[in-house]
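> Encoded as C-alpha coordinates, here's the structure I'll be asking about.
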Amino acid sequence: MMVRESELDFKSMPKIELHAHLTGSISRQCLHEIWQGKKAIGATDLEDPLLIMPPGRHDYDLKTFFPLFSSYIYNLVNDAASVEHSTKSVFRDFAQDGVVYLELRTTPRAMPSAGLDKAGYVRTVLRALDAAARETPTLHARLILSIDRRNTLAEALEVVSLATAFRDQGVVAIDLCGDPMKGDVSLFTPAVEKARAAGLKVTIHFAEAEASASEAELATIMAWMPHRLGHVIHVPDAVKRQISARTGIGLELCLSCNVHAKMIVGSFEAHHFGEWWRVEGPVVVPCTDDVGVFESPLSNEWMLIQKHFQLRREEVLTLARKGIDVIFGGDDEKERLRSILWQERAS
(Lines give C-alpha, C1' and ligand atoms only; values in the text may rest on other atoms or scores of the structure.)
Protein backbone atom coordinates (compact mmCIF):
# COMPACT_ATOMS: atom_id res chain seq x y z
CA MET A 1 0.00 0.00 0.00
CA MET A 2 1.47 3.34 -1.04
CA VAL A 3 1.12 6.38 1.20
CA ARG A 4 -0.11 9.50 -0.59
CA GLU A 5 -0.46 11.83 2.37
CA SER A 6 2.25 14.22 3.48
CA GLU A 7 2.39 12.31 6.77
CA LEU A 8 3.50 8.69 6.78
CA ASP A 9 1.31 5.83 7.87
CA PHE A 10 4.01 3.83 9.63
CA LYS A 11 2.03 0.61 9.74
CA SER A 12 1.50 0.49 5.99
CA MET A 13 5.02 1.74 5.22
CA PRO A 14 7.11 -1.22 3.98
CA LYS A 15 9.73 -1.99 6.63
CA ILE A 16 12.70 -4.25 7.29
CA GLU A 17 13.41 -5.83 10.68
CA LEU A 18 16.96 -7.01 11.38
CA HIS A 19 17.18 -7.44 15.17
CA ALA A 20 14.24 -9.57 16.29
CA HIS A 21 14.78 -12.43 18.72
CA LEU A 22 12.34 -15.20 17.85
CA THR A 23 11.35 -16.21 21.39
CA GLY A 24 11.28 -12.61 22.59
CA SER A 25 8.95 -11.70 19.73
CA ILE A 26 6.21 -14.16 20.71
CA SER A 27 3.13 -12.20 21.72
CA ARG A 28 1.52 -12.69 25.10
CA GLN A 29 -1.64 -13.90 23.34
CA CYS A 30 0.31 -16.56 21.44
CA LEU A 31 1.97 -17.74 24.66
CA HIS A 32 -1.48 -17.88 26.25
CA GLU A 33 -2.76 -20.05 23.39
CA ILE A 34 0.15 -22.46 23.83
CA TRP A 35 -0.45 -22.53 27.57
CA GLN A 36 -4.17 -23.23 27.12
CA GLY A 37 -3.45 -26.17 24.83
CA LYS A 38 -0.92 -27.68 27.20
CA LYS A 39 -3.08 -27.03 30.26
CA ALA A 40 -6.03 -28.80 28.66
CA ILE A 41 -4.08 -32.05 28.40
CA GLY A 42 -2.18 -31.68 31.67
CA ALA A 43 1.12 -31.00 29.91
CA THR A 44 2.12 -27.95 32.00
CA ASP A 45 1.87 -26.71 35.55
CA LEU A 46 3.04 -23.21 34.65
CA GLU A 47 0.86 -20.21 35.40
CA ASP A 48 -1.01 -18.44 32.61
CA PRO A 49 1.44 -16.18 30.73
CA LEU A 50 -1.14 -13.37 30.92
CA LEU A 51 -0.59 -13.44 34.69
CA ILE A 52 3.19 -13.80 34.48
CA MET A 53 3.44 -11.08 31.78
CA PRO A 54 0.35 -8.89 32.17
CA PRO A 55 -0.48 -6.86 29.04
CA GLY A 56 1.00 -3.40 29.40
CA ARG A 57 3.86 -4.44 31.64
CA HIS A 58 7.18 -3.50 30.05
CA ASP A 59 9.46 -2.82 33.03
CA TYR A 60 11.87 -5.68 32.41
CA ASP A 61 15.49 -4.72 33.01
CA LEU A 62 18.63 -6.80 32.50
CA LYS A 63 18.16 -8.46 35.90
CA THR A 64 14.58 -9.60 35.27
CA PHE A 65 14.59 -10.00 31.49
CA PHE A 66 16.77 -13.09 31.09
CA PRO A 67 15.15 -15.09 33.95
CA LEU A 68 11.78 -14.52 32.24
CA PHE A 69 13.02 -16.76 29.45
CA SER A 70 15.06 -19.31 31.37
CA SER A 71 12.46 -19.88 34.09
CA TYR A 72 9.25 -19.50 32.09
CA ILE A 73 9.05 -19.04 28.31
CA TYR A 74 11.59 -21.78 27.47
CA ASN A 75 9.62 -24.15 29.70
CA LEU A 76 6.41 -23.36 27.84
CA VAL A 77 7.72 -23.32 24.27
CA ASN A 78 9.48 -26.67 24.65
CA ASP A 79 8.40 -28.97 21.82
CA ALA A 80 8.08 -28.99 18.04
CA ALA A 81 4.39 -28.05 18.05
CA SER A 82 4.83 -24.99 20.26
CA VAL A 83 7.98 -23.88 18.40
CA GLU A 84 6.17 -24.15 15.08
CA HIS A 85 3.01 -22.42 16.33
CA SER A 86 4.92 -19.53 17.90
CA THR A 87 7.20 -19.06 14.88
CA LYS A 88 4.23 -18.78 12.54
CA SER A 89 2.56 -16.36 14.94
CA VAL A 90 5.65 -14.13 15.07
CA PHE A 91 5.86 -14.14 11.26
CA ARG A 92 2.19 -13.16 10.94
CA ASP A 93 2.55 -10.37 13.51
CA PHE A 94 5.44 -8.80 11.61
CA ALA A 95 3.60 -9.16 8.29
CA GLN A 96 0.50 -7.48 9.71
CA ASP A 97 2.70 -4.60 10.86
CA GLY A 98 3.88 -3.94 7.31
CA VAL A 99 7.25 -5.69 7.53
CA VAL A 100 8.35 -6.96 4.11
CA TYR A 101 11.74 -8.42 5.10
CA LEU A 102 12.55 -10.08 8.41
CA GLU A 103 15.69 -11.55 9.92
CA LEU A 104 14.80 -13.56 13.01
CA ARG A 105 17.50 -14.75 15.36
CA THR A 106 17.40 -17.68 17.74
CA THR A 107 19.80 -19.74 19.83
CA PRO A 108 19.51 -23.43 18.84
CA ARG A 109 17.96 -25.34 21.75
CA ALA A 110 17.86 -29.06 22.31
CA MET A 111 14.56 -30.36 23.71
CA PRO A 112 15.35 -33.95 24.72
CA SER A 113 11.95 -34.59 26.32
CA ALA A 114 10.34 -33.71 22.99
CA GLY A 115 12.83 -35.71 20.92
CA LEU A 116 14.43 -32.60 19.39
CA ASP A 117 18.15 -32.00 19.16
CA LYS A 118 19.52 -28.60 18.14
CA ALA A 119 19.42 -29.46 14.44
CA GLY A 120 15.81 -30.56 14.87
CA TYR A 121 14.98 -27.27 16.52
CA VAL A 122 16.49 -25.26 13.64
CA ARG A 123 14.71 -27.48 11.13
CA THR A 124 11.38 -26.89 12.91
CA VAL A 125 11.82 -23.10 12.88
CA LEU A 126 12.74 -23.08 9.20
CA ARG A 127 9.79 -25.32 8.35
CA ALA A 128 7.44 -22.95 10.18
CA LEU A 129 8.88 -19.89 8.42
CA ASP A 130 8.49 -21.61 5.06
CA ALA A 131 4.85 -22.49 5.79
CA ALA A 132 4.10 -18.96 6.99
CA ALA A 133 5.72 -17.46 3.90
CA ARG A 134 3.45 -19.52 1.64
CA GLU A 135 0.46 -18.02 3.44
CA THR A 136 1.87 -14.45 3.38
CA PRO A 137 4.23 -14.09 0.40
CA THR A 138 4.68 -10.33 0.88
CA LEU A 139 7.07 -11.02 3.77
CA HIS A 140 10.39 -12.76 3.17
CA ALA A 141 12.21 -14.12 6.23
CA ARG A 142 15.72 -15.35 6.96
CA LEU A 143 17.19 -16.92 10.09
CA ILE A 144 20.23 -15.97 12.17
CA LEU A 145 21.60 -18.54 14.63
CA SER A 146 22.83 -17.10 17.91
CA ILE A 147 25.74 -18.05 20.12
CA ASP A 148 24.94 -17.44 23.79
CA ARG A 149 27.63 -15.64 25.79
CA ARG A 150 27.43 -18.46 28.35
CA ASN A 151 28.30 -21.09 25.72
CA THR A 152 31.55 -23.02 25.62
CA LEU A 153 33.68 -22.76 22.50
CA ALA A 154 32.51 -26.24 21.51
CA GLU A 155 28.88 -25.10 21.73
CA ALA A 156 29.67 -21.96 19.74
CA LEU A 157 31.36 -24.01 17.03
CA GLU A 158 28.27 -26.24 16.93
CA VAL A 159 26.12 -23.17 16.23
CA VAL A 160 28.40 -22.24 13.34
CA SER A 161 28.22 -25.79 11.99
CA LEU A 162 24.42 -25.69 12.13
CA ALA A 163 24.34 -22.31 10.42
CA THR A 164 26.57 -23.66 7.67
CA ALA A 165 24.52 -26.84 7.29
CA PHE A 166 21.25 -24.90 6.93
CA ARG A 167 22.52 -22.08 4.69
CA ASP A 168 20.63 -23.39 1.68
CA GLN A 169 17.41 -23.40 3.70
CA GLY A 170 17.48 -19.77 4.86
CA VAL A 171 20.13 -19.35 7.57
CA VAL A 172 22.23 -16.32 6.69
CA ALA A 173 24.35 -15.38 9.71
CA ILE A 174 25.47 -15.96 13.26
CA ASP A 175 24.90 -13.66 16.23
CA LEU A 176 26.47 -13.34 19.68
CA CYS A 177 23.94 -12.48 22.36
CA GLY A 178 22.76 -13.35 25.86
CA ASP A 179 23.23 -11.90 29.32
CA PRO A 180 25.84 -9.14 28.85
CA MET A 181 27.10 -9.70 32.37
CA LYS A 182 28.18 -13.25 31.52
CA GLY A 183 31.06 -14.73 29.57
CA ASP A 184 34.33 -13.76 27.92
CA VAL A 185 33.79 -13.02 24.23
CA SER A 186 37.42 -13.63 23.29
CA LEU A 187 36.64 -17.33 23.73
CA PHE A 188 34.52 -17.20 20.57
CA THR A 189 37.11 -15.82 18.14
CA PRO A 190 37.64 -19.24 16.47
CA ALA A 191 33.87 -19.62 16.01
CA VAL A 192 33.53 -16.20 14.37
CA GLU A 193 36.50 -16.93 12.13
CA LYS A 194 34.94 -20.25 11.14
CA ALA A 195 31.65 -18.54 10.31
CA ARG A 196 33.29 -15.92 8.13
CA ALA A 197 35.35 -18.58 6.36
CA ALA A 198 32.09 -20.40 5.58
CA GLY A 199 30.66 -17.27 3.99
CA LEU A 200 28.22 -16.50 6.80
CA LYS A 201 27.50 -12.95 7.88
CA VAL A 202 28.21 -11.85 11.47
CA THR A 203 26.18 -9.60 13.75
CA ILE A 204 27.12 -8.99 17.38
CA HIS A 205 25.39 -7.53 20.45
CA PHE A 206 27.78 -4.68 21.18
CA ALA A 207 28.25 -2.56 24.32
CA GLU A 208 24.72 -3.50 25.37
CA ALA A 209 25.57 -2.89 29.04
CA GLU A 210 28.47 -1.35 30.92
CA ALA A 211 29.55 -4.88 31.88
CA SER A 212 29.98 -5.78 28.20
CA ALA A 213 31.71 -2.56 27.20
CA SER A 214 35.23 -3.08 28.47
CA GLU A 215 38.07 -1.90 26.27
CA ALA A 216 39.21 -5.51 25.78
CA GLU A 217 35.77 -6.79 24.77
CA LEU A 218 35.05 -4.00 22.31
CA ALA A 219 38.51 -4.35 20.76
CA THR A 220 37.99 -8.10 20.35
CA ILE A 221 34.63 -7.64 18.65
CA MET A 222 35.82 -4.86 16.34
CA ALA A 223 38.75 -7.09 15.31
CA TRP A 224 36.20 -9.68 14.15
CA MET A 225 35.04 -7.13 11.52
CA PRO A 226 31.34 -7.84 12.08
CA HIS A 227 28.91 -6.83 9.35
CA ARG A 228 26.45 -5.40 11.87
CA LEU A 229 26.36 -4.37 15.54
CA GLY A 230 23.35 -4.44 17.83
CA HIS A 231 22.40 -1.85 20.49
CA VAL A 232 25.73 0.10 20.47
CA ILE A 233 25.03 1.87 23.77
CA HIS A 234 28.06 2.20 26.07
CA VAL A 235 30.61 3.08 23.40
CA PRO A 236 33.74 5.17 24.15
CA ASP A 237 34.61 7.97 21.75
CA ALA A 238 37.61 6.14 20.31
CA VAL A 239 35.43 3.15 19.38
CA LYS A 240 32.75 5.46 17.98
CA ARG A 241 35.39 6.80 15.63
CA GLN A 242 36.28 3.26 14.57
CA ILE A 243 32.63 2.49 13.85
CA SER A 244 32.18 5.75 11.95
CA ALA A 245 35.12 4.82 9.74
CA ARG A 246 33.54 1.46 8.82
CA THR A 247 31.54 2.39 5.74
CA GLY A 248 28.54 0.12 5.37
CA ILE A 249 28.51 -1.42 8.84
CA GLY A 250 24.94 -1.84 10.07
CA LEU A 251 23.80 -0.52 13.46
CA GLU A 252 20.68 -2.24 14.79
CA LEU A 253 19.16 0.28 17.21
CA CYS A 254 16.26 -0.68 19.48
CA LEU A 255 14.60 2.33 21.10
CA SER A 256 11.75 0.88 23.17
CA CYS A 257 13.81 -2.01 24.52
CA ASN A 258 16.61 0.33 25.59
CA VAL A 259 14.25 2.82 27.25
CA HIS A 260 11.90 0.38 29.00
CA ALA A 261 14.75 -1.82 30.23
CA LYS A 262 16.62 1.27 31.45
CA MET A 263 19.63 0.38 29.33
CA ILE A 264 20.11 4.10 28.66
CA VAL A 265 19.82 7.13 30.92
CA GLY A 266 16.70 9.13 30.10
CA SER A 267 13.79 8.53 27.76
CA PHE A 268 13.40 8.33 23.99
CA GLU A 269 14.75 11.80 23.26
CA ALA A 270 18.03 10.75 24.94
CA HIS A 271 18.44 7.65 22.80
CA HIS A 272 21.68 7.41 20.83
CA PHE A 273 19.70 7.04 17.60
CA GLY A 274 19.87 10.84 17.58
CA GLU A 275 23.67 10.66 17.56
CA TRP A 276 24.06 7.99 14.88
CA TRP A 277 21.43 8.43 12.22
CA ARG A 278 23.15 11.33 10.43
CA VAL A 279 26.69 9.88 10.66
CA GLU A 280 28.25 9.04 7.31
CA GLY A 281 29.57 5.49 7.01
CA PRO A 282 27.43 3.33 9.33
CA VAL A 283 23.89 2.39 8.31
CA VAL A 284 21.31 2.82 11.09
CA VAL A 285 18.38 0.39 11.11
CA PRO A 286 15.55 0.83 13.65
CA CYS A 287 14.56 -2.54 15.12
CA THR A 288 12.29 -4.04 17.78
CA ASP A 289 14.51 -6.55 19.65
CA ASP A 290 11.80 -8.30 21.73
CA VAL A 291 8.38 -7.05 20.68
CA GLY A 292 6.64 -9.77 22.71
CA VAL A 293 8.14 -8.37 25.91
CA PHE A 294 8.11 -4.63 25.18
CA GLU A 295 4.97 -4.59 22.98
CA SER A 296 6.27 -1.97 20.56
CA PRO A 297 5.93 -3.17 16.95
CA LEU A 298 8.29 -1.84 14.31
CA SER A 299 5.72 0.69 13.08
CA ASN A 300 5.71 2.19 16.57
CA GLU A 301 9.52 2.35 16.64
CA TRP A 302 9.43 4.45 13.46
CA MET A 303 6.70 6.64 14.93
CA LEU A 304 8.82 7.21 18.04
CA ILE A 305 11.77 8.18 15.86
CA GLN A 306 9.76 10.75 13.95
CA LYS A 307 8.16 12.08 17.12
CA HIS A 308 11.30 12.48 19.22
CA PHE A 309 13.86 13.32 16.51
CA GLN A 310 11.60 15.30 14.13
CA LEU A 311 12.56 13.43 10.97
CA ARG A 312 10.83 14.71 7.86
CA ARG A 313 8.98 12.31 5.57
CA GLU A 314 11.83 12.18 3.06
CA GLU A 315 14.38 11.58 5.83
CA VAL A 316 12.34 8.64 7.14
CA LEU A 317 12.09 7.07 3.69
CA THR A 318 15.77 7.65 2.94
CA LEU A 319 16.74 5.99 6.23
CA ALA A 320 14.44 3.05 5.52
CA ARG A 321 15.94 2.64 2.05
CA LYS A 322 19.52 2.72 3.35
CA GLY A 323 18.76 -0.22 5.62
CA ILE A 324 18.40 -2.46 2.57
CA ASP A 325 22.16 -2.27 2.04
CA VAL A 326 22.91 -4.16 5.27
CA ILE A 327 20.43 -7.03 5.06
CA PHE A 328 21.93 -10.52 4.86
CA GLY A 329 19.41 -11.85 2.34
CA GLY A 330 21.46 -11.45 -0.84
CA ASP A 331 21.40 -9.25 -3.93
CA ASP A 332 18.10 -10.51 -5.35
CA GLU A 333 16.35 -9.70 -2.08
CA LYS A 334 17.95 -6.27 -2.01
CA GLU A 335 16.59 -5.57 -5.49
CA ARG A 336 13.10 -6.69 -4.46
CA LEU A 337 13.19 -4.38 -1.45
CA ARG A 338 14.54 -1.45 -3.45
CA SER A 339 11.63 -1.76 -5.86
CA ILE A 340 9.17 -1.78 -2.95
CA LEU A 341 10.81 1.12 -1.08
CA TRP A 342 11.27 3.13 -4.27
CA GLN A 343 7.52 2.97 -4.95
CA GLU A 344 6.94 4.20 -1.40
CA ARG A 345 9.43 7.01 -1.83
CA ALA A 346 7.96 8.15 -5.12
CA SER A 347 4.34 8.06 -3.99
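The values are calculated or read from the model by the stated rules, or taken from the named source; none is laboratory data. This one's a predicted model, so the numbers in the text were calculated from it and none came from an experiment. Ideal geometry is used to build each Cβ from the backbone, glycine not excepted, and the neighbour counts take in all protein chains shown.
> Taking segment 122-158, which residues are closer than 21 Å to Phe188 by Cα, touching a strand residue (DSSP E or B) at 6+ places or on another chain (Cβ under 7 Å) and among the basic types (Lys, Arg)?
Arg149
> Among the residues of segment 69-82, write down those that are at pLDDT 85 or above and either surrounded by 16 or more Cβ atoms within 10 Å (Cβ to Cβ) or more than 18 Å from Cys30 (Cα to Cα) (or both).
If the condition is that a residue be at pLDDT 85 or above and either surrounded by 16 or more Cβ atoms within 10 Å (Cβ to Cβ) or more than 18 Å from Cys30 (Cα to Cα) (or both), then Tyr72, Ile73, Leu76, Val77, Asn78, Asp79, Ala80, Ser82 are the ones that fit.
> With Lys39, Lys63 as the choices, which residue is among the basic types (Lys, Arg) and surrounded by 13 or more Cβ atoms within 10 Å (Cβ to Cβ)?
The match here is Lys39.
> If you don't mind, there's one more thing I want to ask. Specify which of the listed residues (Arg321, Arg278, Arg312) is within 21 Å of the chain's Cα centre (by Cα) and surrounded by fewer than 19 Cβ atoms within 10 Å (Cβ to Cβ).
Of Arg321, Arg278, Arg312, the one residue that is within 21 Å of the chain's Cα centre (by Cα) and surrounded by fewer than 19 Cβ atoms within 10 Å (Cβ to Cβ) is Arg321.
> So if I check each of Gly170, Gly199, Gly183, Gly178, which one is of a type in the set (Gly, Ala, Ser), in contact (Cβ under 8 Å) with a residue 60 or more places away in the chain and at positive phi?
Matching residue, one of Gly170, Gly199, Gly183, Gly178: Gly178.
> Residues in segment 291-300: is at least one at pLDDT 95 or above and either over 19 Å from Asp97 (Cβ atoms) or acidic (Asp, Glu) (or both)?
no
> Do we have His271 as surrounded by 18 or more Cβ atoms within 10 Å (Cβ to Cβ), at pLDDT below 95 and farther than 16 Å from Leu102 by Cα here?
no
> Right, next: Counting just the residues of segment 83-98 that are buried (at least 24 other Cβ atoms within 10 Å of the Cβ) and not small (Gly, Ala, Ser), which one comes out nearest to Lys15 (Cα to Cα)?
Per the stated criteria, the residue is Phe94.
> For segment 214-243, give me each residue that is more than 20 Å from Thr152 (Cα to Cα) and crowded, with 18+ Cβ neighbours inside 10 Å.
Hits for segment 214-243 are Pro226, His227, Arg228, Leu229, Gly230, His231, Val232, Ile233, His234, Val235, Val239, Ile243.
> Moving on to the next point. Sort through Ser299, Ser256 and tell me the only one that's surrounded by 17 or more Cβ atoms within 10 Å (Cβ to Cβ), out of contact with any helix residue (DSSP H, G or I) (no Cβ under 9 Å at 6 or more places or on another chain), among the small types (Gly, Ala, Ser) and not in a loop (DSSP other than H, G, I, E, B).
Ser299
> Let me ask another. Among the residues of segment 111-121, what is the count of those that are part of a helix (DSSP H, G or I) and more than 15 Å from His21 (Cβ to Cβ)?
6
> While we're looking at this one, here's another question. Can you say whether Pro108 is part of a loop (DSSP other than H, G, I, E, B), of a type outside the set (D, E, K, R) and crowded, with 20+ Cβ neighbours inside 10 Å, as far as the supplied structure shows?
For Pro108, the condition - part of a loop (DSSP other than H, G, I, E, B), of a type outside the set (D, E, K, R) and crowded, with 20+ Cβ neighbours inside 10 Å - is met.
> Between Val122, Val202, which is touching a Leu at 6+ places or on another chain (Cβ under 6 Å), crowded, with 17+ Cβ neighbours inside 10 Å, hydrophobic (A, V, I, L, M, F, W, C) and at pLDDT 95 or above?
Val122
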